[in-house]
Amino acid sequence: MARKPGSRREFLKLAALSGVSAGMLAGVARGDEPAGGEKATPATRVPRRILGATGESIPILLLGCAQRFNPKYDKILHRAFAAGVDYLDTALAYEDGWSHRTIAPFIKQIGDRGKLWITSKGPGRGGTVAAYTRELDECLAQLETDYLDLYFMHALDDLRFLDPPFLKMGEKMKASGKTRYFGFSCHGKNVVGLLEKAAKSGGIDVIMFAYNFGEYGNLELNRAIDACVKAGIGLIAMKTQKSVPADQEQVVRFRSRNFTLPQAKLKAVWADERITAAVSHINNTRKLRENVAAARSPVALSMDEFQQLQRLATVTAPVSCRGCAEICESRVDAPVAIADTLRFLMYHDAYGEPDKARRLYRALPEPARRADGVDFSRAAAACPRGIDIAARMRRAQRVLATT
Ligand code: SF4
């Protein structure tokens, strides 16, 4: 049954969120998904939006490819494509190149490169123009393709990468035909500064950044998003689930007739008209069906559902690091990597990826992992999420340093 979505004014009142629209009208999401493998008709494909000033139409749901696919025939890739999820988001670093290498056969199976949008990312090892340029070639070689649709500088956290040498590099890459568009991804550190600088500097077509329902009240971030939209920069959201340990997530029991909690989190991002699309780490067909159903559903989140998400964001804030390392790490008299450590702890506690979490944690230099004998009090006092940083660092040491 149709129901009236909340008005823009109500949403703004609710969470100081600018740009939330009351977009869609009626239908159901749960139980409305196409059977896996079902050939999608145009009517059942996920909706599309225009990616900033590029003018390109892309699906609102993007396939996160930080995984190794089945090179012979991968169900996730093919079923996603059939549902209209024809945008693959990968990176040189994903699965040590195996994401690229196992996407390459899929490109051949589709048989028409033009039917796929492929974004990849170079880590800029060494932080130079030469490194990014070399890495673009590595991406193309591993993917066995002549061009990318979009090339990102991966996980930027330093504003100097938006200085003229790197912007000229982007222009040169586009002129060479090796990528159609250029931009960057950023995970948490200096996100606001990076967005603001990109809006002023020009030369950036698209930005992918961490954005979810937990950021609705973040006025600084909302202003930076507005500036990017005004500058014609296409915006893609990642980390839309704001994952926290399961026991924390259940403190607020999410109730909805229409959506599961992961679906509602995606809908909350899509409700923001400024965001073109959300990338989702879809690593099984059940999740694919759930995500596609949410994307296709014309039902908007109700005010009650928004409020439940707001409560969830508030309750889980103390265990949900948003990666803004520029705030806390400068307030500790030791070279500790707080944001990275808490991210790896999230992989352990919320993603169910303990091996990956331990491997990444142990790869940090010993001083970056220190928890004992370090004074975190100034950092904790400044943390916008109110995280007990000392306690979380000690927990990371306890669960991630062990074999
Ligand atoms: S601990 Fe707090 S200040 Fe530090 S990165 Fe996480 S959310 Fe930001």
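The values are calculated or read from the model by the stated rules, or taken from the named source; none is laboratory data. Source: prediction; values computed, not measured. Methodologically, a virtual Cβ is constructed for each residue, glycine included, from the backbone with ideal geometry; neighbour enumeration extends over all protein chains shown.
Here are a few things to note about the model shown:
- Evaluation of Ser320 against (1) over 19 Å from Met238 (Cα atoms); (2) within 10 Å of the ligand (Cβ to nearest atom); (3) modelled with pLDDT under 95 (one fails), failing number: (1)
- Condition met for Gly193 (at pLDDT 95 or above, under 23 Å from Leu51 (Cα atoms) and within 16 Å of the ligand (Cβ to nearest atom)): yes
- For first residues located in the range 339-352 and at negative phi, partners that are modelled with pLDDT under 90 and of a type in the set (Val, Ile, Thr) and lie 6+ apart or on another chain with Cβ distances below 6 Å form the pairs Ala350/Val244.
- Filter result (under 21 Å from Ala277 (Cα atoms) and aliphatic (A, V, I, L, M)) within the range 104-122: Leu116, Ile118
- Test result for Thr341, hydroxyl-bearing (Ser, Thr, Tyr) and within 12 Å of the ligand (Cβ to nearest atom): yes
- Matching residues in the range 92-128 - criterion: being of a type in the set (D, E, K, R) and without any contact (Cβ under 8 Å) to a residue 60 or more places away in the chain: Glu95, Asp96, Arg101, Lys108, Asp112, Arg113, Lys115, Arg125
- The range 216-226: number of residues that are surrounded by fewer than 16 Cβ atoms within 10 Å (Cβ to Cβ) and without any contact (Cβ under 8 Å) to a residue 40 or more places away in the chain: 2
Every residue, every condition in (1) modelled with pLDDT of 95 or more; (2) within 24 Å of Asn190 (Cβ to Cβ); (3) surrounded by 15 or more Cβ atoms within 10 Å (Cβ to Cβ); (4) away from the ligand (no atom under 14 Å from the Cβ), yes or no:
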position: Leu301; (1), (2), (3), (4): yes, no, yes, yes
position: Thr316; (1), (2), (3), (4): no, yes, yes, no
position: Ile389; (1), (2), (3), (4): yes, yes, yes, no
position: Met393; (1), (2), (3), (4): yes, yes, yes, no
